[in-house]
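Step one of this worksheet: look at the structure below.
Read-outs throughout are calculated quantities, based only on the coordinates presented, and are distinct from any laboratory measurement. Note that the coordinates shown come from a computational prediction; the quantities given were computed from them, not determined experimentally. Note: ideal-geometry Cβ built from the backbone for every residue, glycine included; neighbour counts use all protein chains shown.
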Amino acid sequence: MDYVIPCAELWVGEYSLSADKAQLDLNYLYDLLCTPSLHSTGLPPERFALVVRNSVCFNVHHAGRQVGFARVVTDFTEFASMWDVFIDEPHRGRGLGKQLVEYILQHPQLRGIFRWFLMTENAHGLYQKFGFRSESWNPWVMMRVAK
């Protein structure tokens, strides 16, 4: 069941930002996020469909083609965790990453979340503009069970 309240589409010049899962290009996303690589675990297609279904997904389109994505895992009250945030290389440097993060944080069901989390290896400056801070002093922030 999808509990997500629709969020109005936002236009930034020639780019549209949306939380409409019907606009997602799942093949493109799977190839980008799940094909074994430095930043991917090689998730099987059937599990990727569950990832999308159980996340609040955001997309960026240009000329009818998906060029950006992000997803949020949340209980809609206590916590939200932002994952897989990206803008395709040819479209970077236009403020789209900033617009996408702002769009996510303003989503009607995500406003007022008590704790936001994010894991990233890059773009720290972008996220710091929205109040994200590194907590390297706190060893309990990130733990994992590897399977």
Problem - Residue, nearest to Ser16 (Cα to Cα), within the stretch 42-60, restricted to residues that are among the hydrophobic types (A, V, I, L, M, F, W, C) and in a helix (DSSP H, G or I) - result: Val52
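This table checks each residue for (1) exposed (fewer than 13 other Cβ atoms within 10 Å of the Cβ); (2) within 14 Å of the chain's Cα centre (by Cα); (3) within 30 Å of Ser136 (Cα to Cα).
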| site | (1), (2), (3) |
| --- | --- |
| Gly13 | yes, no, no |
| Tyr28 | no, no, no |
| Val52 | no, yes, yes |
| Gly68 | no, yes, yes |
| Asp75 | yes, no, yes |
| Glu89 | yes, no, yes |
| Arg92 | no, no, yes |
| Gly97 | no, yes, yes |
| Leu118 | no, yes, yes |
